[in-house]
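Student: My questions all concern the structure below.
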Amino acid sequence: MSPLLILAMIVSAIMVFIITLISYESIERFTVGNANWVADKMDLMFIPLSPKNAFRILMIGPFILGLSIFLLLWPHAFGGLFLACLFIFIGFKMPRPFVEMLLTKRTKKLNLQLVDGLTLMANSLRSGLSLMQTLQIVVDEMPNPLSQEMNLILSEQRLGVPVEKAFQNFATRMNTEDIEMFVTSVIVLRETGGNLAETFDTIVHTIRERLKLENKISALTAQGVVQGTVVSLMPFALAALLTAIDPEHMKPLFTTIPGYVMMAVAIIFVLIGALLIKKIVAIKI
């Protein structure tokens, strides 16, 4: 290894240390806030993760990812350091979108289960059972996540939390229109009196009609989603094809600093394009 390369690595390490030292408070504030947010969202999904462990994962994970990239690209120190820093930055940013994706997926699944759950509750109410007894039937008969949420309502009620407050907590956790409609109907009818079974049937009909509309829109926008996926993957497929056909011609892209910069810029723009396409085809009902 040449003395110049060793000097460059030492200077780079010192610069990284100085930047980290200067921005330590900002980094700590960002990671602690992220860790608390991740722990709270994981708790909503009934996945036990303390803020302390979340902080460890968020701090250690990105640096392990960056170090792995750096070692894989050794002895191309400059390019490896550049891409390592890029992946460390991505590693810090990715947990929040990933957890949001998991939470959105769980919420959609719960909304789909709500139709069968409300139908089961309506039939149970007609047979003469109380509201709490119908919730227990849902816990016993329905899969997660609806069963988990109904069980939490029952647990809060057993601990002395008023039924209305337990349902409000459920609506706050999920924060969807369907669940808000369900919770509001329960609270209002418990105070004023009324036929909960018929109300649940009406809610089920409303949810089913909305799901039909969502499925129709999804079918109409499916072509745009496929086109966006193909366009996003095309640069990577083209790079792989050109590398297989003429590896010497593509070698500078993987072994020189300008090549690393070009790849990083290309990846960033591809990600931006994919996000824009996703925004365009996502129609909220």
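The values are calculated or read from the model by the stated rules, or taken from the named source; none is laboratory data. As the structure is a prediction and not an experimental result, all values here were calculated from the model. For neighbour counting, all protein chains shown are included, and Cβ atoms are generated from backbone atoms with ideal geometry for every residue, glycine included.
Student: Could you list all residues from segment 83-114 that are β-branched (Val, Ile, Thr) and either buried (at least 18 other Cβ atoms within 10 Å of the Cβ) or in contact with a Pro (Cβ under 6 Å, 6 or more places away or on another chain) (or both)?
Tutor: ILE88, VAL99, THR107
Student: Here is a follow-up. Pairs please, first residue from segment 50-74 and within 19 Å of PHE254 (Cβ to Cβ), second anywhere and crowded, with 17+ Cβ neighbours inside 10 Å and among the hydroxyl-bearing types (Ser, Thr, Tyr), Cβ atoms under 9 Å, 6+ apart in sequence or on different chains.
Tutor: Matching pairs, first to second residue: LEU73/TYR260.
Student: So ARG56 clears everything in (1) modelled with pLDDT of 85 or more; (2) outside the structural domain of PHE182 (by TED's automatic domain parsing); (3) of a type in the set (Lys, Arg) except one condition, right? Which one?
Tutor: (1)
Student: Of all residues in segment 164-219, which are hydroxyl-bearing (Ser, Thr, Tyr), in a helix (DSSP H, G or I) and surrounded by fewer than 16 Cβ atoms within 10 Å (Cβ to Cβ)?
Tutor: THR172, THR184, THR192, THR202, THR206, SER218
Student: Checking PRO143 against (1) surrounded by fewer than 18 Cβ atoms within 10 Å (Cβ to Cβ); (2) under 16 Å from ARG208 (Cα atoms), which test does it fail?
Tutor: (2)
Student: Is it the case that segment 184-194 has a residue that's at pLDDT below 90, assigned by TED's automatic domain parsing to the domain that holds ASP116 and under 30 Å from ILE272 (Cβ atoms)?
Tutor: Checking segment 184-194: not a single residue is at pLDDT below 90, assigned by TED's automatic domain parsing to the domain that holds ASP116 and under 30 Å from ILE272 (Cβ atoms).
Student: Being among the acidic types (Asp, Glu) and at pLDDT 90 or above: is that true of GLU180 here?
Tutor: Yes, satisfied.
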